[in-house]
Amino acid sequence: MTTQSHAVDRELVQAAAHVARTRCRGDNHTVAAAARTRDGRIVTAVNAYHFTGGPCAELVLIGTAAAQGAYELDTIVAVGDRDRGIVPPCGRCRQALLDYFPALRVIVGEGDRVRAVRITDLLPESYVWADHQLAAEGAGPPGEG
């Protein structure tokens with residue numbers, strides 16, 4: 001796997017860290033995410049932990065961005081509360097982020113190893129949902145017709 005690094009959006013990291021510091025309280029909200037939209041806006045969100053498996057901050061951010069009319073994200077980062085620093089996306093989030101934004105850059109790492117990489121580099125050899133959808137409306141299942 002060759003990982004292509006991009007410049008790190010420090011303002012985005014700072015935005016996520018600020019939300020983690022000021023909005024994450026107790027065990028229900030422990031991670032904040034920030035994303036830059038293609039038009040330059042920054043959208044933020046926090047996770048909604050629940051013992052039944054509440055959504056991660058990255059998934060909440062996808063919905064928050066859509067509610068604000070932002071359907072194209074360029075870069076995303078998640079930061080843990082209590083000064084835990086950058087938190088890489090879990091496997092479920094990696095798959096969802098890839099399906100929604102296949103060209104997305106994700107900020108990962110710690111200290112002097114912080115870098116922005118393509119979501120495809122974090123999930124190589126992955127299943128891409130869109131690649132397996134029927135190409136034409138009304139087409140039958142593969143192998144028919």
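The values are calculated or read from the model by the stated rules, or taken from the named source; none is laboratory data. This one's a predicted model, so the numbers in the text were calculated from it and none came from an experiment. Here the Cβ positions follow ideal geometry from the backbone for every residue, glycine too, while neighbour counts run over all protein chains shown. Please note that ligands, DNA and RNA were not included when accessible areas were found on the heavy atoms of the full protein model with its side chains. Shrake-Rupley method; radii C 1.70, N 1.55, O 1.52, S 1.80 Å.
Just a few scattered comments:
- Among the residues of region 87-103, those identified as closer than 18 Å to ALA45 by Cα and either touching a Ser or Thr at 6+ places or on another chain (Cβ under 7 Å) or aromatic (Phe, Trp, Tyr) (or both) are TYR100, PHE101.
- Residue pairs whose Cβ atoms lie under 9 Å apart, sitting 6 or more positions apart in sequence or on different chains, and linking a residue in region 76-97 that is farther than 14 Å from LEU61 by Cα and touching a residue at least 60 places away in the same chain (Cβ under 8 Å) to a partner that is acidic (Asp, Glu) and loosely packed, with under 15 Cβ neighbours inside 10 Å, are ILE86/GLU110.
- Just one of the listed residues (VAL8, VAL77) is modelled with pLDDT of 95 or more and more than 23 Å from TYR127 (Cβ to Cβ), and it is VAL77.
- When residues of region 1-46 are limited to those that are among the small types (Gly, Ala, Ser) and part of a loop (DSSP other than H, G, I, E, B), the one most open to solvent (accessible area, probe 1.4 Å): ALA7
- Scanning region 47-75 for residues that are in contact (Cβ under 8 Å) with a residue 24 or more places away in the chain, part of a loop (DSSP other than H, G, I, E, B) and touching a Ser or Thr at 6+ places or on another chain (Cβ under 9 Å) returns GLN68, ALA70, GLU72.
- Count of residues meeting criterion [closer than 21 Å to LEU122 by Cα and open to solvent by 20 Å² or more (accessible area, probe 1.4 Å)] in region 47-56: 2
- Residues of region 57-98 satisfying the condition of being open to solvent by less than 10 Å² (accessible area, probe 1.4 Å), farther than 19 Å from GLY26 by Cα and out of contact with any Asp or Glu (no Cβ under 7 Å at 6 or more places or on another chain): LEU61, ALA65, ALA70, LEU73, VAL77, LEU98
- Subset of region 39-62 [more than 20 Å from ALA116 (Cα to Cα) and more than 11 Å from the chain's Cα centre (by Cα)]: VAL46, ASN47, ALA48, TYR49, HIS50, PHE51, THR52, GLY53, GLY54, PRO55
- Residue count for region 99-118, restricted to those that are in a loop (DSSP other than H, G, I, E, B) and either open to solvent by 50 Å² or more (accessible area, probe 1.4 Å) or farther than 20 Å from ALA15 by Cβ (or both): 3
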